[in-house]
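Only one structure is covered here, and it is reproduced in the block below.
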Amino acid sequence: MITLTVDGRTVEAKNGEMILSVLRREGIHVPTLCHMDGLPPSGACRMCVVEVEGSPTLTPSCSFPVSEGMKIKTATPRVLEARRTIVKLLLANHPDDCLYCNSNGHCDLQKLAQDLGIRERVYRGPRRVQEMDMSSPAIVRDPGKCILCGRCVRMCEEIQSVAAIDFIGRGSRAKIGTAFDGGLNVSSCVNCGQCINVCPTGALSERCYIDEVIQALNDPEKMVVVQHAPSVSVSLAEEFGLPAGKDVDGQMVAALRRLGFDRVFDTSFSADLTIMEEGSELVHRVKTGGTLPMMTSCSPGWIKFIETFYPQLLPNVSTCKSPQQMLGALIKSFFAEREGVDPANIVSVSIMPCTAKKFECARPEMARNHVPDVDYVLTTRELGRLLHQFGVDVNALEPSPADTPFGERSSAGKIFGATGGVMEAAIRSAHYLITGKELDDLKIQPLRGLKGCKELHIEIDGLKLGAAVVSGLGNARKLLDEVVAGRNDLQFIEIMTCPGGCINGGGQPKNVDPEAVQARLKALYKIDRDAPLRTSHSNPWIQRLYKEYLGEPLGEKSHHLLHTHYTMRNIPMAQG
Amino acid sequence: MVTADIDNILNRHSGAGRDHLIPILQEVQEAEGYISPRAVAKIAEFLNLPASKIYGVATFYNQFRFHPKGRFHFMVCRGTACHVKGSQKVLDELTKQLKLEPGQTSRDRLFSLEVVACMGACGLAPVVSVNGEFYAKVTPRKLMEIIQECRQKEVVDV
Ligand code: SF4
Ligand code: SF4
Ligand code: SF4
Ligand code: FES
């Protein structure tokens with residue numbers, strides 16, 4: 001421990017700690033732009049400067065370590081003026097588009113200008129007019145609003161190990177883009193949307209389908225149904241200014257009805273179904289000497305990642321469709337038949353924490369007779385906007401249950417929303433399928449928490465099971481390299497594209513406090529703890545679906561509706 | 001043949017690390033006249049670097065071009081002497097007349113445009129060169145004539 005002085009107060013700090021982290025602990029808010037928690041500092045933006053006694057220049061607090069006896073001042077006129085100048089310069093060629101910007105109200109740049117009291121445009125550079133990249137079905141880039149902080153580049157490369165984008169050119173021509181500036185759709189981008197979540201401005205956003213959905217809701221010819229993913233009910237509240245981790249499941253269902261959806265279904269139901277199919281597939285692979293370790297297939301960013309970077313491992317990926325696509329397929333088959341509606345007259349919408357789901361629903365394999373199983377995907381953020389447009393206040397509504405026949409879920413399906421949840425749900429059911437008995441304790445602690453890599457080695461009735469859980473594609477890459485190198489103690493691997501899983505998905509509320517993801521996680525665990533129905537195989541509606549329609553897991557109907565295949569993607573620009 | 005060129009270059013660098021990126025790019029440009037997407041893909045595989053990174057690094061330097069040169073390759077000097085003598089106007093005029101930005105090549109591959117730092121012909125400022133031939137004390141009028149000349153040559157050749 002060392003001692004230093006901050007704004008005249010004595011403060012303790014760890015040796016080697018950066019000034020910024022000490023200041024934050026002391027409750028001093030220092031603005032940052034390029035800084036990213038958990039990554040080495042890049043020191044590029046200088047927004048975080050402070051005065052250190054004895055140093056002739058201002059010191060960037062994010063990248064300068066504390067030392068014994070250091071005297072720091074965090075808000076002198078010189079410091080504030082320096083910060084103001086940086087913001088003024090950033091605004092010099094900014095489009096000033098706030099009123100029409102998707103980031104209006106939750107933009108870091110806007111907030112900085114506001115906090116620092118900038119009231120006029122001081123420097124007038126030529127506005128940057130640059131073409132937007134609209135090529136991707138999931139991600140929109142508007143370079144005109146980019147302040148070149150580099151966060152998206154670091155996220156894509158250092159956390160996700162995709163490196164689809166980088167700085168192009170330099171000086172006043174510098175911009176962020178893909179190789180040859182060819183557009184995200186022809187790059188190695190996996191549509192994870194993590195770059196959106198770290199972007200301080202409106203330069204990055206999801207491809208928005210709100211207008212299409214509103215149009216469908218107003219079309220009397222159409223039956224419009226909606227499904228909502230497990231993690232949305234624990235994050236939507238944040239779009240209404242409520243604390244992170246508040247579960248608004250029932251209110252959200254009521255709100256979706258207010259919007260005019262004819263049926264509201266729960267994707268956690270098809271998560272239960274996924275467990276039945278995927279669990280059976282695993283047992284089948286183990287018994288018949290199939291390709292192992294089997295890898296989960298519910299996260300579409302991960303699927304594009306393996307198709308691009310590790311095509312030789314595609315036989316390891318479960319053939320199960322993701323819960324979204326399973327439910328989509330059932331809505332336009334079983335449900336349509338039951339209701340006597342032509343599938344072509346059903347508009348199927350899903351609310352997802354995810355931008356990659358927009359890409360997934362547009363994959364050609366996810367349509368039958370040229371009718372896509374899921375028509376539009378809205379992110380949690382988009383649902384928030386849609387509800388605000390329609391004047392629906394989630395908080396004021398009476399909770400209401402989702403609709404039959406896809407409305408009842410077990411909490412095993414619900415915890416799919418967090419890293420480790422699929423594995424935990426799978427092991428609960430595998431134990432039952434193998435031994436005929438439930439686990440003594442359904443909570444499987446080693447699989448819980450936000451850690452990027454978790455492992456569990458257990459024995460069920462003599463059957464050895466090595467299970468690994470990773471989230472974040474950089475972590476996935478490390479594990480895949482081990483598998484390629486011959487590691488063979490694993491039978492089942494769960495991989496989620498986003499660090500922490502869907503609760504931290506690329507479509508979730510952004511610019512939230514760092515504890516938000518943890519709070520969403522806790523909320524899911526609490527739902528599981530209190531749930532009456534905690535295993536997928538005991539969901540009566542799943543049992544009924546098999547009895548009345550599907551037959552058995554891996555049966556012919558399942559094969560046709562619930563399973564898929566993958567494509568090797570030869571993206572010449574995807575080396576890495 | 002083109003592929004063979006790149007392969008030869010990469011072979012010469014076998015076992016090389018990332019620090020060889022710039023020399024490799026220079027040799028590829030020397031051999032092919034520009035850095036093509038397939039060249040970047042090959043270098044990416046060879047150095048195990050993302051293509052976006054290679055493109056990013058290459059665009060940081062003015063020396064690399066990403067389009068094949070046109071039949072008539074215009075270079076505009078933006079050195080100090082030429083600048084003083086109004087080379088910015090010359091460049092603006094050329095950009096307008098050729099409908100090209102520096103680094104670009106016209107769709108019909110007839111013209112390409114490049115900006116260089118100093119051609120070492122300061123006495124002739126402002127200087128423009130076409131396929132290595134120098135034009136001294138260039139004015140907008142003169143530019144029109146030069147371009148006209150090129151187009152005529154093209155017609156005669158066909
Ligand atoms: S990015 Fe932020 S500052 Fe820029 S126009 Fe949008 S809201 Fe305004
Ligand atoms: S969506 Fe994901 S993969 Fe695509 S550019 Fe952003 S961070 Fe990279
Ligand atoms: S797009 Fe956003 S995150 Fe990326 S550099 Fe620009 S401002 Fe920063
Ligand atoms: S946050 Fe410290 S330099 Fe950018």
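Structure summary
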item	result
Accessible surface of residue B:61 - all protein chains present, 1.4 Å probe, nearest 10 Å²	90
Solvent-free Debye scattering, log10 I(q)/I(0), computed from the Cα coordinates of the protein assembly as shown at q = 0.05 Å⁻¹	-0.31
Packing rank of A:164-175, A:328-339, where each peptide gets the mean count of other beta carbons within 10 Å, highest leading	A:328-339, A:164-175
Semi-axis lengths, Å, the stretch A:242-394, gyration tensor of Cα atoms, sqrt of 5 times eigenvalues	30, 19, 15
Contact order relative to length of chain A, as percent, for alpha carbon pairs under 8 angstrom and 6 or more apart	16
Charged-residue dipole, Cβ positions (Lys, Arg, Asp, Glu), the stretch A:214-347 about Cα centre, Debye nearest 20	200
Estimated inter-spin distance, residue B:152 and residue A:458, nm [label 7 Å along Cα→Cβ]	8.7
Mean separation of Cα contacts under 8 Å (6+ apart) over length of chain B, as relative contact order %	19
Residues in the stretch A:171-185 that a label on residue A:92 would reach, taking backbone N under 12 Å of a point 7 Å out along Cα→Cβ	A:172
Shielding score for A:160-169, defined as the mean number of other chain Cβ atoms within 10 Å	5
Residue-level accessible surface for residue B:77, protein heavy atoms, 1.4 Å, Å²	0
Apportionment of accessible area to carbon and sulfur, the protein assembly as shown, percent (1.4 Å)	52
Whole-Å distance, taken between Cα centres, linking the stretch B:67-109 and the stretch A:344-386	47
Ratio Rg/Rh, restricted to the stretch B:72-157 and using Cα atoms, in which Rh is the Kirkwood radius	0.95
Estimated distance in nm for a label pair at residue A:369 and residue B:107, the labels positioned 7 Å out from Cα along Cα-to-Cβ	4.2
The stretch A:75-107 versus the stretch A:453-508: alpha-carbon centroid distance in Å	41
Rounded to 10°, Cα long-axis angle of helix B:87-98 versus longest principal axis of chain B	80
Descending semi-axes in whole angstrom, ellipsoid equivalent of the stretch A:224-318, from the Cα gyration tensor	35, 16, 12
Cβ-placed point charges (K, R +1; D, E -1), dipole of the protein assembly as shown about Cα centre in debye, nearest 20	2080
Total charge dipole magnitude, the stretch A:211-562, about the Cα centre, Cβ charges on Lys, Arg, Asp, Glu only, Debye to nearest 20	600
Placed amide H near residue A:295: partners under 5 Å, 5+ positions off or other chain	A:317, A:318, A:493
Cut-off under 5 Å, modelled amide H: who pairs with residue B:111 long-range	B:71, B:72, B:106
Which listed pairs, of A:357/A:547; A:443/A:522; A:71/A:111, have C-alpha distances above 24 Å, in listed order	A:357/A:547; A:71/A:111
Residues in the stretch A:552-569 reached by a label modelled at residue A:291 [backbone nitrogen below 14 Å; 7 Å Cα→Cβ]	A:564-569
Efficiency of FRET between residue A:76 and residue A:37 - r from beta-carbon atoms, R0 22 angstrom, step 0.05	0.25
Cβ-derived FRET efficiency at R0 45 Å, residue A:5 paired with residue B:60, nearest 0.05	0.60
The stretch B:3-60 - accessible surface per residue (Å², probe 1.4 Å)	44
Accessible area of chain A divided out per residue, in Å², using a probe of 1.4 angstrom	40
Residue A:211 versus residue A:445: modelled label distance in nm, points set 7 Å from Cα along the beta carbon direction	5.4
Where GluC sites (Glu not before Pro) fall in DSSP loop in the stretch A:22-122, at most 11 other Cβ within 10 Å	A:53, A:68, A:120
Cα-Cα pairs of the stretch A:196-250 separated by more than 13 Å (percent)	73
Of A:246/A:321; A:246/A:526; B:53/B:99, pairs whose Cα-Cα distance is over 19 Å	A:246/A:321; B:53/B:99
Peptide-level mean, for B:44-51, of C-beta atoms on other protein chains within 10 Å	6
Accessible area buried between chains B and A, both sides summed, probe 1.4 Å, in Å² to nearest 100	1500
Relative contact order of the stretch A:125-206, defined on C-alpha pairs under 8 angstrom at six or more residues apart (%)	36
Positive-pole candidate from A:474, A:502, A:33, dipole of the protein assembly as shown, charges at beta carbon	A:33
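The values are calculated or read from the model by the stated rules, or taken from the named source; none is laboratory data. Everything numeric here is computed off the predicted structure, so don't read it as measured data. Cβ coordinates were reconstructed from backbone atoms using ideal geometry, including for glycine residues, and neighbour counts include every protein chain displayed. Calculation scope for accessible area: heavy atoms of the full protein, side chains included, ligands and nucleic acids excluded. Shrake-Rupley method; radii C 1.70, N 1.55, O 1.52, S 1.80 Å.
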